[in-house]
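The values are calculated or read from the model by the stated rules, or taken from the named source; none is laboratory data. Computed from a predicted structure; not experimentally measured. Here the Cβ is made from the backbone with ideal geometry for all residues, glycine too, and neighbour counts use every protein chain on show. The accessibility values were calculated without ligands, DNA or RNA, using every heavy atom of the protein model including side chains. Shrake-Rupley method; radii C 1.70, N 1.55, O 1.52, S 1.80 Å.
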Amino acid sequence: MTAADSIHILIPIPPEIGIVHITGRSSHDQSPLESASVTATTRTVDVWSNGIEPRSRAEDTQPYSGAVALLIALVAVIAFEALQLRRILSSLDSDLFGVRRRANAFDSHTASESRTLAVLSVLGFVCQAILLGVAIDPRAVSNGPLLGALTVLTAGYYLFQYAACSIVGYTFTDSINASQWRKGFNLSQGISGLCLVLPAITILYYHKATEVLLLISLILYIITRIAYICKGFRIFYDQLPSLVYFILYLCALEIIPVMSVVMIARYLDRLI
């Protein structure tokens, strides 16, 4: 065998790495392509012998414990009020969609039911604050002061809506219709909290589904608002001029306030 002859060595290794091909010629007799092949083969053998260098795993953002504790506490309170919740849901059709001026003789609204509805409303604006914070900045789940500020913001938005509902109902209709509209607003807010609690809890821990959960939450919130707006339309619509007033109501009390809340939330995110 002469020096110019090649010595081929085949080393069996796993299929995902390949077959190592090492030539016995000196580096002076090898072309640049063959030298690069030998270098790559040497690195492959080194990886096979010593393993792959570990890489640090990206840590998930841990949710703020106060938000989790508050959600769990509200859900626990609602669980203890399961009987009242059942009554609220059983009268959902008439209270949220109906505009009957005379109450049914079998309808009974107790103080416990009002308390349960209030807890559902609190759950609603807490869940809205969490989802709004995540929509603005995914890292908001671990920012306790920001979540607290957003909760105050959504609570203020709820109070603003309730005051606007009362003033509009007192101005443009009688006391019976105004009371029905306020009841529909409180019920829509409570149902919103009931619908958003699962996405809000899930989004705190399962960050990969953030976009899907935000989309689902937005759709659920819009559905509850549409139900409330439809009840208002049935109460206030009389003739064509009332339609103009209703359009003005939608712009002034439904669209502009939501845009203002989003702008303030963005400012709070930059500030805190």
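Considering only Ser175, Gly124, Val152, and ranking their Cα positions along the charge dipole of the stretch 103-198 that arises from unit charges at the beta-carbon of Lys, Arg, Asp and Glu, the one farthest toward the positive end is Val152.
For the stretch 199-272, a Kirkwood radius taken over Cα pairs fed into Stokes-Einstein (4 °C, viscosity 1.567 mPa s) yields D = 87 µm²/s.
Each label was represented as a point 7 Å from its Cα along the Cα-to-Cβ direction; for Ser179 and Leu198 these points are 3.5 nm apart. Determine the share of the stretch 93-247's accessible area contributed by carbon and sulfur atoms, expressed in whole percent, with a 1.4 angstrom probe. Ligands and nucleic acids excluded, carbon and sulfur reach 68 percent. The residues of the stretch 179-257 have, on average, 54 Å² of accessible surface per residue, using a 1.4 Å probe with all protein chains present.
Charge dipole (Cα centre; +1 on Lys/Arg Cβ, -1 on Asp/Glu Cβ; no other charges) of the stretch 133-272 amounts to roughly 160 debye. Other residues lying with their Cβ under 15 Å from the Cβ of Phe80 contribute a combined charge of +1, Lys and Arg counting +1, Asp and Glu -1.
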